[in-house]
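First up is the structure itself, then whatever we jot down about it.
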Amino acid sequence: MSQMYSNTIPFTRAGFSRCMSTVDKWFRPVGPFELFTDDMYKNHGLVISYYLRFATSRPVTEEEVKKVCTHLYRKAINLRLIPKERDGETWFKELPLDYPIDFEVRRN
């Protein structure tokens, strides 16, 4: 198995029902590298940000950029996952689709 995927749980039918709770939207247990990354983030040793560049044929409004970011947030589950404690273990929990997006528009 690739080192990159060594921190994920095996995907089985039982694992799927355990991970994909429809009530609380728990995703899966957090792996060792993800725990390390979360610890670095909490202690200000790591900043996570995304840089998006849009090429358009016309100037766009800030509202249009927010709409694009909202669509991206809804489509990309990795943008909605946060680590939370569950039964003494750290799991990824999915944020709601209507969670407010924090973004800043910078002009060149």
(request) Return the pairs, sorted by first residue and then second, in which the second residue is assigned to a helix (DSSP H, G or I) and open to solvent by 50 Å² or more (accessible area, probe 1.4 Å), the first residue lies in region 24-45 and is within 15 Å of Lys93 (Cβ to Cβ) and of a type in the set (D, E, K, R), the beta carbons are less than 7 Å apart, and the residues are 6+ apart or on different chains. (result) none
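With the structure loaded, tell me whether Glu94 is among the acidic types (Asp, Glu) and open to solvent by 60 Å² or more (accessible area, probe 1.4 Å) or whether it fails that test.
no
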(request) Scan region 97-108 for residues that are under 20 Å from Asp38 (Cβ atoms) and either in contact (Cβ under 8 Å) with a residue 12 or more places away in the chain or of a type in the set (S, T, N, Q) (or both) and jot them down. (result) Tyr99
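The values are calculated or read from the model by the stated rules, or taken from the named source; none is laboratory data. Model, not experiment: these values are computed from the prediction. For neighbour counting, all protein chains shown are included, and Cβ atoms are generated from backbone atoms with ideal geometry for every residue, glycine included. What goes into the accessible areas is simple: the full protein's heavy atoms, side chains included, and nothing from ligands, DNA or RNA. Shrake-Rupley method; radii C 1.70, N 1.55, O 1.52, S 1.80 Å.
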